Amino acid sequence: VAGRNCKGKYLSVKDPESDHEMLINHTENILKKEDDEKIKYISGRNGYVTEESPGSFDIQENMEVDEISFKTTGSIETDMSAEVKINITEDDVFKDAIGPGMSVETYELNIQGNVASGAQIKAEKLSIGGQTHQTSVIEAKNAHITIHRGTVTAEEANVDRLEGGKIIGDIINVKQAIGGEIIGKNIIIDELASNVSITASDTIEIKELKGTNNKFLIDPSLTKEFNENIEKITIEIKDLSLRLRQVPKILEDRKRVIDKTKPTVQMIKEKIIELKRDGKNPPSTLLSKIREFQSSVNEYNVSLKKYKDDKLQLKNLKEDLNQVQMKVFSAKIINHSPWKEFNEIKFRLISPAVEKVYNTKQHEIIREISLKETDDGEYKINKSAEYSS
């Protein structure tokens, strides 16, 4: 704006000089807002700014970078609902596609190379072409990892080679397992070496067993749904049992009072009948005694009915608990090849707390292993040389 200097001389505004002026073009994904002071370019959707050609910009849902590291992009976090896709092209085996301590959160993430120490990844769809560090933590809905040494949690996980890492999920497929831990509902391993801990709620299937010192555990309490059902039913059983504990004594006391009062009430009834026969009105005190007795009998009958209903409900809850736990009897371990020695098979029940263990023998042919309950209520591991239907 125009003004004056310290001597009062008028200073006019000079025309602005413009250097390196460029014309900015943009797609409909970018909104332009202009006023007297500035021009704003605002993204119209979630994504990344890309320069399609010199001076021409767009917002793309796909982003491609060489690496994600502290010195380049830093950590990246996007809206998971925006379906943004990030491709990381660094595939040198001696370099990291995602650097140490970096955090990446996006809808879809494709990593051609390695994931470094302390990295944290969260995605709906995930593909890692290299290897993960043992301290990396990964969370995805669908994940594919070439060489896994860290920790991954996914609804569906596909791992080419497990080398001491940990996999947690619902459906897990591993081509080759060389040490590590697998926890899931349904687990399939093409080639199993040694020192792998495998825990499932439904099925463990091994296509070829090559090693020893593997631990197989069927535990239905692994799933969230199972634990929620067990917890809910157990709490209801506990509350109902506590409520019923004092009821028999209360009912017994009420029954004793009723039985004790009954002869007196019968005499009062006879007296009232006699008075009415003589044309006299019975005293109100006698009538109130009858009403009190009838009220006591009604309260006792209501309490007795509720007690019986609660006992039936308790019985049904215990049956529901048994039904939930019956899932362990439909679970099985399948091995398409001969067993090696020193592999441990274990089945776990929650209530009653029972563990059944079997140690395999060299060259033993057992296609399916499951848990069964005998006629006398005992539990035993069932070994079959044939596949079930």
So how long is each side of region 195-270 along the principal axes, counting just the alpha-carbon atoms, biggest first, in Å? 92, 21, 17
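Full extension from PHE94 to MET80: what is 0.36 nm times the residue separation minus their Cα-Cα distance, to one decimal in nm? Working shown, then result.
Working: separation 14, 0.36 × 14 = 5.04 nm, distance 3.06 nm.
Gain on extension, PHE94 to MET80, equals 2.0 nm.
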In terms of the alpha carbon gyration tensor, root eigenvalues a ≥ b ≥ c, rounded if a/c is under 1.5 and otherwise prolate when a/b exceeds b/c or oblate, region 74-184 is oblate
Keeping all protein chains in position, work out how much accessible area GLU155 exposes to a 1.4 Å probe, and write it in Å² to the nearest 10. 100
Counting heavy atoms of the protein chains only and a 1.4 Å probe, report the per residue accessible area for region 241-336 as a whole number of Å². 73
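Per the 1.4 Å probe, what fraction of the accessible area of region 1-132, in percent, lies on carbon and sulfur atoms? It would help to have the intermediate numbers written out before the result.
Values: 4140 of 9000 Å².
For region 1-132, the apolar C and S fraction of the accessible surface comes to 46 percent.
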Taking the simple approach of a point 7 Å from Cα along Cα-to-Cβ for both SER56 and ILE250, what is their distance in nm? 8.2
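Give the relative contact order (percent, whole number) for region 78-131; include only Cα pairs under 8 Å separated by 6+ residues.
Values: 135 pairs, mean separation 19.6, N = 54.
Value for region 78-131: 36 percent.
How would LEU109, LEU11 line up by accessible area, probe 1.4 Å, largest first?
Values: LEU109 0, LEU11 80 Å².
Largest accessible area first, the residues go LEU11, LEU109.
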Could you tell me the accessible area of VAL302 in Å² (1.4 Å probe, neighbours in place), rounded to the nearest ten? 100
Of the beta bridges DSSP finds with both residues in the chain, what % are antiparallel, to the nearest 5? 25
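At a Förster distance of 25 Å, what's the computed FRET efficiency of ILE273 paired with VAL297, Cβ-Cβ distance as r, to 0.05? Walk me through the numbers before you get to the answer.
Values: r = 19 Å, r/R0 = 0.77.
The value I calculate is 0.80.
Report in % the part of the accessible area of region 296-389 that belongs to carbon and sulfur, leaving out ligands and nucleic acids; probe 1.4 Å.
49
Between GLU156 and ILE365, what's the calculated FRET efficiency when r is the beta-carbon distance and R0 is 45 Å? Round to 0.05. It would help to have the intermediate numbers written out before the result.
Details: r = 31 Å, r/R0 = 0.69.
So, using R0 = 45 Å, E works out to roughly 0.90.
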So, over other residues within a Cβ distance under 13 Å of VAL302, counting Lys, Arg +1 and Asp, Glu -1, the net charge is +1
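Over 27 Å between Cα atoms, which of LYS238/LYS346; LYS166/LYS380; LYS260/LYS306; LYS207/LYS356; LYS175/LYS380 qualify? Can you show the working numbers first?
Numbers: LYS238/LYS346 29 Å; LYS166/LYS380 30 Å; LYS260/LYS306 23 Å; LYS207/LYS356 24 Å; LYS175/LYS380 31 Å.
With Cα atoms farther than 27 Å apart: LYS238/LYS346; LYS166/LYS380; LYS175/LYS380.
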What ranking of MET102, MET326, MET22 comes out by heavy-atom accessible area, probe 1.4 Å, highest first? MET22, MET326, MET102
Taking all pairs of distinct Cα atoms, average 1/r, flip it, and tell me the Kirkwood hydrodynamic radius of region 1-153 in Å to one decimal place. 18.3
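What does the charge add up to near SER388, with Lys and Arg as +1, Asp and Glu as -1, over the other residues with Cβ less than 13 Å from its Cβ?
Numbers: positive: LYS332, ARG367, LYS372, LYS383; negative: GLU205, GLU368, GLU386.
Result for the local shell: +1.
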Along Cα→Cβ, 7 Å out, is where each label goes; now give me the distance between the ones at SER194 and TYR41 in nm to one decimal. 6.2
For LYS383, what accessible surface area do you get with a 1.4 Å probe? Give it in Å², rounded to 10. 90
Taking one equal scatterer on every alpha-carbon of the chain, how large is log10 of I(q)/I(0) by Debye at q = 0.10, 0.14 1/Å? -0.85, -1.17
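If you take the Cα atoms of region 265-389, find Rg, then find the Kirkwood Rh from the mean of 1/r over all pairs, what is Rg/Rh?
Values: Rg = 32.8 Å, Rh = 20.7 Å.
Reported Rg/Rh, Kirkwood definition of Rh: 1.58.
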Compute a Gaussian network model of the chain, connecting alpha carbons closer than 10 Å, and tell me which residue from GLU270, GLU225, GLU364 fluctuates the most. GLU270
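The values are calculated or read from the model by the stated rules, or taken from the named source; none is laboratory data. Since we're looking at a predicted model, the values are computed, not measured. Positions of Cβ are generated from backbone atoms using ideal geometry, with glycine treated the same way; all protein chains shown enter the neighbour counts. Note: accessible area is taken over every heavy atom of the protein model, side chains too, but ligands, DNA and RNA are not part of it. Shrake-Rupley method; radii C 1.70, N 1.55, O 1.52, S 1.80 Å.
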